[in-house]
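A.B. asks: Have a look at this one.
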Amino acid sequence: GFGINAPGAGDDTDNIDGDNGDEILTIIFDRGITFEFFEVSALGTDDGGLFELFGQAPMAFLDSGRYNIGGAFLAAGDPVTFSHNTGNGFSLDTFLVAEVPTSSSIPEPASASLVFLTSAALAMRRRR
């Protein structure tokens, strides 16, 4: 996974950005998505992290494992943030998002009916 650590955590990723400060991972998607779950590992007894969806209160996690978010919607450009909270840090192993279709990609029933009726009228006109 991707390590998100405290200052001076003592592993190869504790100085990943050359600043040796708290590490934060922010992800911004270029289209609307639903956030389904994330999985973290390497949390020890005193370790913890924060998960924050844009516009919502941060959610603290203290144990390794899967955290189900349940399809929370994020609009294009809204950030998702993972950050160190307590202890040494953690490893972000995986997360799952699903793209939300835009309204232009799903035809309206009235538009689909109009196309069907026009096609049927043209087919009947050719038969005459």
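The values are calculated or read from the model by the stated rules, or taken from the named source; none is laboratory data. Computed from a prediction, not measured in an experiment: that's the story for all the values here. Note that we place each Cβ from the backbone using ideal geometry, even for glycine, and neighbour counts take in every protein chain shown. Just the protein is used for accessible areas: all its heavy atoms, side chains included, with ligands, DNA and RNA removed. Shrake-Rupley method; radii C 1.70, N 1.55, O 1.52, S 1.80 Å.
A.B. asks: From the list Thr45, Thr26, pick out the single residue that is surrounded by fewer than 12 Cβ atoms within 10 Å (Cβ to Cβ) and touching a Gly at 6+ places or on another chain (Cβ under 9 Å).
C.D. replies: Testing whether each residue is surrounded by fewer than 12 Cβ atoms within 10 Å (Cβ to Cβ) and touching a Gly at 6+ places or on another chain (Cβ under 9 Å) leaves just Thr45.
A.B. asks: Right, next: I need every pair where a residue in region 52-63 that is within 10 Å of Phe82 (Cβ to Cβ) has its Cβ under 7 Å from the Cβ of a residue that is of a type outside the set (D, E, K, R) and part of a loop (DSSP other than H, G, I, E, B), sequence separation at least 6 or different chains.
C.D. replies: As it stands, the answer is Glu52/Pro58, since those pairs meet every condition given.
A.B. asks: Okay, next question. Output the number of residues of region 75-128 satisfying the condition of being modelled with pLDDT of 70 or more, among the small types (Gly, Ala, Ser) and within 37 Å of the chain's Cα centre (by Cα).
C.D. replies: Going through region 75-128 one residue at a time, the tally reaches 9.
A.B. asks: How many residues, within region 67-87, are over 15 Å from Phe2 (Cβ atoms) and among the polar types (S, T, N, Q)?
C.D. replies: Number satisfying all stated conditions: 3.
A.B. asks: Looking at region 1-23, which of its residues are at pLDDT 75 or above and open to solvent by 70 Å² or more (accessible area, probe 1.4 Å)?
C.D. replies: Answer for region 1-23, where residues must be at pLDDT 75 or above and open to solvent by 70 Å² or more (accessible area, probe 1.4 Å): there is none.
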